[in-house]
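To start, the structure itself, in structure tokens.
The values are calculated or read from the model by the stated rules, or taken from the named source; none is laboratory data. All values derive from a computational prediction rather than experimental measurement. FYI the Cβ positions are ideal-geometry reconstructions off the backbone, even for glycines, and counts take in every protein chain you see.
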Amino acid sequence: MSLTEAESVFAGVHEDGLNDMLRAFFQARPRLLNYRTTLAVGPLPPAASAWTPLPPIAFPGVPGGIHYAFQMSIPRIDLHPDSSGGIPPPLSLNAGEFSLQTTVMLALLCGQKRRPDNRDERITGTILPVKLEVWAVGRVVSQSFGGGAGEIGFEVRAVEIVDITPDDLESLLECLVHQLINGVLSSVRLPYTALSAGAFTLTLLRGPEVETDQVQVYGQIA
């Protein structure tokens, strides 16, 4: 009987390696962390390629709509068991889950206007930003394409923003941030494939699973 019981081969990625992969993924794709409707509400980073453009929120009586920006720092993942230093209640890290820490910046353009001479279409106004320290917990998800190939991703199930009052405002912001973080994470897909070595092929049969600070997969050699 092998170490992995029914499967012949075990492979795992430690949370440190996983965070290295996430850092490299987002550093190569900063547009997946930065979203804005106009340069006026999201001036940094300066490169236009670092941003994903969004349409303003349409509202009656607001010419051009409401302009906003959303930014998120590169998330840091901690796999079960908890070694993050303390997840804030009421969050709890269940078996098979991960915790996530990130900083979210939301900004609104207040008092927006265009130049009166109409020669410059740039929008101006006062940026009102807020920075939120966010904790979340979730699970690793996978999609199989058959033949031992597929990809893994991440899905958040709950979010906590500490020390926001009143409670209703905290709940509203957590609902919003929960959806935004899952939207960002939906772009993260780490592929796995059937591996071959000469006449042998490793076919993945089970996983990914989270245990002992690792994402683990199991397979057989054929």
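Looking at Ile127, is it closer than 24 Å to Phe25 by Cα, at pLDDT 70 or above and β-branched (Val, Ile, Thr)?
Numbers: closer than 24 Å to Phe25 by Cα: no; at pLDDT 70 or above: yes; β-branched (Val, Ile, Thr): yes.
No, not satisfied.
Checking the structure you have, find out if any residue of segment 63-85 is β-branched (Val, Ile, Thr), over 15 Å from the mean Cα position of the chain (by Cα) and crowded, with 16+ Cβ neighbours inside 10 Å.
Step one: filter segment 63-85 for residues β-branched (Val, Ile, Thr), giving 66, 74, 77.
Subsequent filtering for residues that are over 15 Å from the mean Cα position of the chain (by Cα) retains 66.
Applying the additional criterion that residues be crowded, with 16+ Cβ neighbours inside 10 Å yields none.
Checked against the condition, which is being β-branched (Val, Ile, Thr), over 15 Å from the mean Cα position of the chain (by Cα) and crowded, with 16+ Cβ neighbours inside 10 Å, segment 63-85 yields no hits at all.
Would a scan of segment 144-162 turn up a residue that is on the phi > 0 side of the Ramachandran plot, in a strand (DSSP E or B) and either surrounded by fewer than 13 Cβ atoms within 10 Å (Cβ to Cβ) or at pLDDT 90 or above (or both)?
Yes, that holds for at least one residue.
Any residue in segment 73-84 that's modelled with pLDDT of 90 or more: show its pairings with residues that are of a type in the set (Phe, Trp, Tyr) at Cβ separation under 8 Å, as long as the two are six or more apart or on different chains.
Ile74/Phe26; Ile77/Phe98; Ile77/Phe154; Asp78/Phe98
Among the residues of segment 45-54, is there at least one that is loosely packed, with under 12 Cβ neighbours inside 10 Å, in contact with a strand residue (DSSP E or B) (Cβ under 7 Å, 6 or more places away or on another chain) and of a type in the set (A, V, I, L, M, F, W, C)?
No, because not a single residue in segment 45-54 is loosely packed, with under 12 Cβ neighbours inside 10 Å, in contact with a strand residue (DSSP E or B) (Cβ under 7 Å, 6 or more places away or on another chain) and of a type in the set (A, V, I, L, M, F, W, C).
Search segment 1-25 for residues being of a type in the set (Gly, Ala, Ser) and part of a helix (DSSP H, G or I), and hand back the single one that is modelled with the highest pLDDT. Can you show your working first?
So the first thing to find is which residues in segment 1-25 are of a type in the set (Gly, Ala, Ser), and the list is 2, 6, 8, 11-12, 17, 24.
Those still in the list that are part of a helix (DSSP H, G or I) too: 17, 24.
On the way: Gly17: 81, Ala24: 92.
Top of the filtered list is Ala24.
State the number of residues belonging to segment 163-191 that are in a helix (DSSP H, G or I) and under 26 Å from Asn19 (Cβ atoms).
Initially, segment 163-191 is screened for residues in a helix (DSSP H, G or I), giving 167-185.
Filter once more, keeping what is under 26 Å from Asn19 (Cβ atoms): 173-174, 176-185.
Selection size over segment 163-191: 12.
Output the residues belonging to segment 163-180 that are of a type in the set (Ser, Thr, Tyr) and either surrounded by 12 or more Cβ atoms within 10 Å (Cβ to Cβ) or within 18 Å of Phe70 (Cα to Cα) (or both).
In the first step, residues of segment 163-180 are kept if they are of a type in the set (Ser, Thr, Tyr); the result is 165, 171.
Ser171 - this is the single residue of segment 163-180 that is of a type in the set (Ser, Thr, Tyr) and either surrounded by 12 or more Cβ atoms within 10 Å (Cβ to Cβ) or within 18 Å of Phe70 (Cα to Cα) (or both).
Can you find even one residue in segment 93-104 that is part of a loop (DSSP other than H, G, I, E, B), modelled with pLDDT of 90 or more and within 21 Å of the chain's Cα centre (by Cα)? Full working, then the answer.
Just the residues of segment 93-104 that are part of a loop (DSSP other than H, G, I, E, B), to begin with: 93-96.
The next check asks that each one be modelled with pLDDT of 90 or more; those that pass are 93-94.
Within this subset, residues satisfying the condition of being within 21 Å of the chain's Cα centre (by Cα) are 93-94.
Within segment 93-104, one or more residues are part of a loop (DSSP other than H, G, I, E, B), modelled with pLDDT of 90 or more and within 21 Å of the chain's Cα centre (by Cα).
Return the residue satisfying two criteria in turn: it lies in segment 26-61 and is in contact with a Ser or Thr (Cβ under 8 Å, 6 or more places away or on another chain), free of Cβ contacts under 8 Å to residues at least 60 places away in the same chain and in a loop (DSSP other than H, G, I, E, B), and of such residues it is nearest to Arg76 (Cα to Cα).
Among those that are in contact with a Ser or Thr (Cβ under 8 Å, 6 or more places away or on another chain), free of Cβ contacts under 8 Å to residues at least 60 places away in the same chain and in a loop (DSSP other than H, G, I, E, B), it is Leu54.
If you go through segment 65-76 one residue at a time, do you hit one that is more than 29 Å from Pro45 (Cβ to Cβ) and in a loop (DSSP other than H, G, I, E, B)? First the steps, then the outcome.
Residues of segment 65-76 more than 29 Å from Pro45 (Cβ to Cβ): none.
No - not one qualifying residue is present in segment 65-76.
Out of the residues in segment 132-156 that are free of Cβ contacts under 8 Å to residues at least 40 places away in the same chain and within 15 Å of the chain's Cα centre (by Cα), state the one that is nearest to Thr102 (Cα to Cα).
Glu133
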